[in-house]
Amino acid sequence: MSRRRVRPDELELWQQVTAKAKRLDPRKATFETPLFVSRPQEKKNTPAAIPKNWPTERLSTLGVAAFKIGQSVGTKAARSSSMSATTNPYPVAALQMDQKAFTRLRRGKMAPESRIDLHGMTLQQAHPELIGFILRTHAAGHRLVLVITGKGKPGRDVDVIPCRTGVLKHKVPQWLRLAPVSSCVLEIVEAHLKHGGGGAFYVYLRRKR
């Protein structure tokens, strides 16, 4: 393949360009345009530190109340809704049964038709016993049953994480709000003293369809 010869006008143009060009010193070479453009960092809205000898009147302008050593707090901090939802994962539902019947139930004037005693059982033993009991009594048409859990005995504080007293007492209402028995249960109320008080629950069942 033959090489093309340079035309006179092209040669003249090249000579004009090279005449104005200057040789760069590699040790002093600079770039007008940076290779990487860094993004400016966003300023965080962090509160400025308050000096130790800051006047009290200046603190009021920042919305900070003056506080002296030994001073007691006047009001309790309001608990946020997110905290209340965390500390109470099973909020009390609205009343489902008749108010008059509910009042009689709380006063112990309604007699349970059946009862089950879970006191002394482990969680693995008590759970299937409770589920089977609720399903059987609901199928039989019972409306009010008594579930005895016991109040629980406080154990020795020897573990790093303290154990909750009365595990069954706390677990039974949770189990009753879950399937497969949640559709059978209308109300769960702590029993009257004559039926066990804090160691038992009234479980008011829905009508059998």
Gyration tensor (Cα only) of region 99-205 to equivalent ellipsoid, semi-axes in Å sorted down, yields 25, 17, 11
Here the percent of antiparallel bridges among DSSP beta bridges lying wholly in region 99-205, to the nearest 5, is 70
Computed over region 99-205, the relative contact order (Cα-Cα under 8 Å, seq sep at least six) in percent reads 32
About its Cα centre, region 99-205 carries a charge dipole, from +1 on Lys and Arg Cβ atoms and -1 on Asp and Glu Cβ atoms, whose size in debye to the nearest 20 is 440
Pairs over 24 Å Cα to Cα, from K151/K171; K100/K151; K171/K194; K109/K151; K151/K208; K169/K194, come to K100/K151; K151/K208
Expected sort for 3-13, 131-141 on mean C-beta neighbours within 10 Å, highest first, is 131-141, 3-13
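Every number in this text was worked out from the coordinates using simple rules, so none of it is lab data. All values derive from a computational prediction rather than experimental measurement. Note: ideal-geometry Cβ built from the backbone for every residue, glycine included; neighbour counts use all protein chains shown.
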